[in-house]
1. Of the residues in the range 120-151, how many are outside any helix (DSSP H, G or I) and buried (at least 24 other Cβ atoms within 10 Å of the Cβ)?
2. Any chance the range 78-85 includes a residue that's aliphatic (A, V, I, L, M) and over 20 Å from the mean Cα position of the chain (by Cα)?
3. Go through the range 47-69 and give me each residue that's of a type in the set (S, T, Y) and either more than 12 Å from Q318 (Cα to Cα) or surrounded by fewer than 24 Cβ atoms within 10 Å (Cβ to Cβ) (or both).
4. Listed residues G246, G284, G260, G253; which is over 28 Å from A146 (Cα atoms) and either modelled with pLDDT under 80 or not hydrophobic (A, V, I, L, M, F, W, C) (or both)?
5. Among T222, T250, which is the only one that is of a type in the set (S, T, N, Q) and closer than 21 Å to A359 by Cβ?
6. Tell me the helices (runs of 4 or more DSSP H) entirely within the range 1-119 that contain at least 3 residues that are farther than 26 Å from A347 by Cα and at pLDDT 90 or above.
7. How about the range 199-318: which helices (runs of 4 or more DSSP H) wholly inside it have at least 2 residues that are within 26 Å of L344 (Cβ to Cβ)?
Amino acid sequence: MTPLRLASAGVGLVGVSFGMARYGYGLLLPDIRRAFGLGPGALGLIGTGGYAGYLGATALAGPLTARAGTRRTAVAGGLLAAAGMLLAGLARSPGVLAAGIVVGGASAALAYPPFSDAASPLPGRARARVLAAVSCGTGYGVALAAPIAILAAGAWRHAWLAFAAVALLATAWSARVLPRRSVETPARGDWRRLRRAGMGPLLAAGVLLGTGSAAYWTFGVTHLVDSGGASAAGSGAFLAVAGVAGVLATGAGDLVHLLGGARAYVLLAVLEAAGIALLALLPGAPFAAYGSAVLFGAAYNAAAGVQALASTRLVPEQPSLALAAAMGANGAGLLLGPAAAGALAGALGLGPVLCLGAALVLASAGLARYAGMGPETRRRRRSRAGRASPRPAAPRSSRRARRPAARRGCAP
């Protein structure tokens, strides 16, 4: 299993589960709204259902990966994605559509964590690059989903069915690449391993990032169309730009190596907030709208990737458990975001709601220095050196001190 094969399998599975099963709803939202005549509140609740399924499944991801193995867990995630999108494509009522969104949302929680365990035997730099690439699968998925939606020309049910077919192909490739069981993974997931210094701030940052980003993913296209910045068909091109920009986040691992995790995260949070605010304030200007898509797509995926890398380094003995916890924190924010944004949009409008989302993303950056974001940060290097060096040195020096004394005492 080479890093390239592992990364390609992860990108494919994360692409269909996150980029299509989860975020395809936002991509197709204008057509779905017209088909069922739903308002912002109802649309937000359906989006929240998808995040609720995601959040519930994250509690199972770590223990399931430890017991069933990486391959079975990842394949289960891929099959759930295909089933959810098939259900959404066949929906003739909002209730059936909501059920498909919930199932598709749950798939994302099972698709990503197995790859953190599968990548654990790789050398540190290669492992970081693989995980960063896998976390960018969302961008690849959206980049592929957007042209499919454009070709569907308003036939959103056909788009869902095409997404489901792609999900089956990605699942088959992951089943071929992944090992049956992860290397050196505990037989049972133990959530007490998450009681590590830095994990609390990291999870809080994940909640803020998810809440702030959810408004953009769910209502960004709707705000663009309502403001005249693009037609319903042209909105697919907008998300295609965001998806292609997400591919730039593949270099998140190298960015952490260069700047350190905390500084890299602050930079990415500022860029993402700028992208959200740009769409909120200038949705009718195509240049600003598409610039927003580039900033948001690249920065969001990279910021989530930095959080993922930090979580696996904080709990190296079971990275899938730590990654599931980080995903759960992000999912909690994504769960709150659509419903809150939909409720506030009725009173404030989508522009101010998106500005509030940008503020929450910036707030997450304030926790970066406390979140233990990777051993590359100077603070973490100093603390690790301080913990590691005195312990082995003290016994050696004391033994050396005692042995010469004994010899002197025994000498005639």
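The values are calculated or read from the model by the stated rules, or taken from the named source; none is laboratory data. Just so we're clear, the structure is a prediction, and the values are computed from it rather than from any experiment. Ideal geometry is used to build each Cβ from the backbone, glycine not excepted, and the neighbour counts take in all protein chains shown.
1. Within the range 120-151, residues that are outside any helix (DSSP H, G or I) and buried (at least 24 other Cβ atoms within 10 Å of the Cβ) number 1.
2. Taking every residue of the range 78-85 in turn, at least one turns out to be aliphatic (A, V, I, L, M) and over 20 Å from the mean Cα position of the chain (by Cα).
3. The answer is T48, Y51, Y54, T58.
4. The conditions single out G260.
5. T222
6. Here the list reads 3-14, 70-89, 94-111.
7. The helices (runs of 4 or more DSSP H) meeting that bar are 199-226, 234-246, 261-281, 286-314.
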